[in-house]
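Accompanying notes for the structure given below.
The values are calculated or read from the model by the stated rules, or taken from the named source; none is laboratory data. Just so it is clear, the model here is predicted, and its values are computed rather than measured. For neighbour counting, all protein chains shown are included, and Cβ atoms are generated from backbone atoms with ideal geometry for every residue, glycine included. Quick note on the areas: whole protein, heavy atoms, side chains included, nothing else; ligands and nucleic acids left out. Shrake-Rupley method; radii C 1.70, N 1.55, O 1.52, S 1.80 Å.
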Protein chains: 2
Amino acid sequence: MKFNLQKGISILERTPKVLENYLSGLSKDWTHANEGDGTWSPVEIVAHLILGEKTDWMIRAEIILSDRASKDFVPFDMESHLQYAKAHTIQALLNEFTLLRGENIEKLKAMNLTSDQLKLTGMHSEFGEVPLRELLSTWVAHDLGHISQISRVMAKQYQHEVGPWTKYLGILTNWKEQ
Amino acid sequence: MKFNLQKGISILERTPKVLENYLSGLSKDWTHANEGDGTWSPVEIVAHLILGEKTDWMIRAEIILSDRASKDFVPFDMESHLQYAKAHTIQALLNEFTLLRGENIEKLKAMNLTSDQLKLTGMHSEFGEVPLRELLSTWVAHDLGHISQISRVMAKQYQHEVGPWTKYLGILTNWKEQ
């Protein structure tokens with residue numbers, strides 16, 4: 001499947017509702033548990049998604065489309081969301097994510113991006129030149145990856161409760177960090 | 001986290017809404033694509049979940065709680081949902097799943113299960129005696145596993161679109177079938 005702006009947006013605009021239905025009103029036993037030291041809980045993942053809305057995806061798209069001489073991206077902060085998650089309820093985080101994502105989708109739609117614009121590039125500190133098309137594709141896959149992660153983290157809370165069925169629950173065993 | 005009926009139900013009753021928000025009205029490019037030969041697409045996963053509602057979870061719970069001499073479970077049919085998915089739209093499948101899950105949750109709640117009843121067992125053809133508690137825990141983890149899978153399958157549709165960001169999208173690379 002090739003990247004297509006409308007089909008990409010159709011995923012991006014669903015994520016707030018999916019997360020709201022998944023996590024709103026759920027016990028902290030589900031939302032605040034992780035997979036072990038150094039891993040993220042669902043509430044921390046939502047805080048990470050908020051940070052992406054504030055500092056990454058559309059900010060980088062705007063850099064790419066700007067007239068600035070430098071198109072350098074600021075690296076994605078992979079730490080500060082952990083404190084942010086501690087300071088807010090899951091519902092406050094879900095509400096903020098819904099608001100920010102809605103605004104960003106509106107901005108993205110208003111850009112009326114052409115296929116030529118999707119080829120314009122920014123400068124990633126590690127990867128070098130990267131086109132807008134890959135940035136937007138990554139935004140979509142990143143959402144899906146984190147919804148998958150939230151599901152896996154919650155499933156693992158029952159890893160000692162499912163008895164022999166572990167054998168048929170790949171979600172408990174098949175994820176291998178590189 | 002130990003199995004708890006109310007907290008387990010809080011996941012089970014969300015799944016239809018999560019899937020509806022995720023998949024309703026989405027392009028077939030997302031809902032009907034899989035991860036390769038022998039793997040399932042989102043629409044096939046929803047059909048599999050329907051089969052679980054019809055033939056597995058609550059049916060097995062009722063067997064466990066019954067007065068029958070034999071408490072043998074019928075093995076979960078892992079094939080027929082593929083045809084079923086071909087014969088129905090994604091919306092019809094989502095609607096059917098929502099209806100069946102709603103009925104099954106009502107049945108489960110009406111059972112008012114005691115901790116003693118959760119220890120009662122059925123006979124699994126491969127595992128032997130398994131307690132109701134593990135069956136219900138597995139139902140929950142199974143839902144979460146398939147939501148995770150739907151997310152992963154959809155993310156993989158962009159595996160060739162994200163360029164160098166593949167490196168930071170574990171969802172594209174970290175799932176290893178046993």
Residues within region B:30-45 that are in contact with a helix residue (DSSP H, G or I) (Cβ under 8 Å, 6 or more places away or on another chain) and in a loop (DSSP other than H, G, I, E, B), tallied: 7
Index of the failed condition, A:Val74 passing every other in (1) away from chain B (no Cβ under 14 Å); (2) open to solvent by less than 60 Å² (accessible area, probe 1.4 Å): (2)
Residue that is surrounded by the fewest Cβ atoms within 10 Å (Cβ to Cβ), among those in region A:121-133 that are among the aliphatic types (A, V, I, L, M) and more than 9 Å from every other protein chain (Cβ to nearest Cβ): A:Met123
Within region A:54-88, tally of residues that are within 27 Å of B:Asn21 (Cβ to Cβ) and in a loop (DSSP other than H, G, I, E, B): 2
Within region B:2-29, considering residues that are more than 7 Å from every other protein chain (Cβ to nearest Cβ) and more than 20 Å from A:Pro16 (Cα to Cα), the one most open to solvent (accessible area, probe 1.4 Å): B:Lys28
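Checking the condition among the hydrophobic types (A, V, I, L, M, F, W, C) and either touching a His at 6+ places or on another chain (Cβ under 7 Å) or farther than 26 Å from A:Arg133 by Cα (or both), which residue from A:Leu65, A:Leu5, A:Leu49, A:Leu19 passes? Quick ask: steps written out before the conclusion?
Working: A:Leu65 fails: either touching a His at 6+ places or on another chain (Cβ under 7 Å) or farther than 26 Å from A:Arg133 by Cα (or both); A:Leu5 fails: either touching a His at 6+ places or on another chain (Cβ under 7 Å) or farther than 26 Å from A:Arg133 by Cα (or both); A:Leu19 fails: either touching a His at 6+ places or on another chain (Cβ under 7 Å) or farther than 26 Å from A:Arg133 by Cα (or both).
Of A:Leu65, A:Leu5, A:Leu49, A:Leu19, the one residue that is among the hydrophobic types (A, V, I, L, M, F, W, C) and either touching a His at 6+ places or on another chain (Cβ under 7 Å) or farther than 26 Å from A:Arg133 by Cα (or both) is A:Leu49.
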Test: residue in region B:138-146 that is within 13 Å of chain A (Cβ to nearest Cβ) and under 25 Å from A:Gly8 (Cβ atoms): yes
Flag if B:Arg101 is among the basic types (Lys, Arg), out of contact with any strand residue (DSSP E or B) (no Cβ under 9 Å at 6 or more places or on another chain) and at pLDDT 95 or above: yes
The one condition in (1) in a loop (DSSP other than H, G, I, E, B); (2) closer than 22 Å to B:Thr114 by Cα that B:Lys7 fails to fulfil: (1)
Qualifying positions in region A:153-174 - open to solvent by 10 Å² or more (accessible area, probe 1.4 Å), at the interface with chain B (Cβ under 7 Å from one of its Cβ atoms) and touching a residue at least 60 places away in the same chain (Cβ under 8 Å): A:Gln157
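Got at least one residue in region B:108-131 being within 30 Å of A:Gly122 (Cβ to Cβ) and at pLDDT 95 or above?
Pass one, region B:108-131, residues within 30 Å of A:Gly122 (Cβ to Cβ): none.
Scanning region B:108-131 turns up no residue that is within 30 Å of A:Gly122 (Cβ to Cβ) and at pLDDT 95 or above.
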Which numbered condition A:Asp143 misses (of (1) open to solvent by 10 Å² or more (accessible area, probe 1.4 Å); (2) under 11 Å from the mean Cα position of the chain (by Cα); (3) of a type in the set (D, E, K, R)): (1)
Among (1) outside any helix (DSSP H, G or I); (2) closer than 22 Å to B:Val153 by Cβ - the single one B:Leu51 does not satisfy: (1)
Set A:Thr55, A:Thr39: member being within 12 Å of chain B (Cβ to nearest Cβ), surrounded by fewer than 22 Cβ atoms within 10 Å (Cβ to Cβ) and either among the β-branched types (Val, Ile, Thr) or closer than 16 Å to A:Asn104 by Cα (or both): A:Thr39
Residue list for region B:89-100, filter: in a helix (DSSP H, G or I) and either out of contact with any Leu (no Cβ under 7 Å at 6 or more places or on another chain) or on the phi > 0 side of the Ramachandran plot (or both): B:Gln91, B:Ala92, B:Leu93, B:Asn95, B:Glu96, B:Thr98, B:Leu99, B:Leu100
Boolean, A:Glu177 is open to solvent by 80 Å² or more (accessible area, probe 1.4 Å), over 28 Å from A:Ser24 (Cα atoms) and of a type outside the set (Gly, Ala, Ser): yes
Breaking point among (1) more than 12 Å from chain A (Cβ to nearest Cβ); (2) surrounded by fewer than 16 Cβ atoms within 10 Å (Cβ to Cβ), for B:Ala85: (2)
Only listed residue being open to solvent by less than 40 Å² (accessible area, probe 1.4 Å), in contact with a strand residue (DSSP E or B) (Cβ under 8 Å, 6 or more places away or on another chain), touching a residue at least 12 places away in the same chain (Cβ under 8 Å) and within 17 Å of A:Gln6 (Cβ to Cβ), chosen from A:Leu118, A:Leu108, A:Leu136: A:Leu118
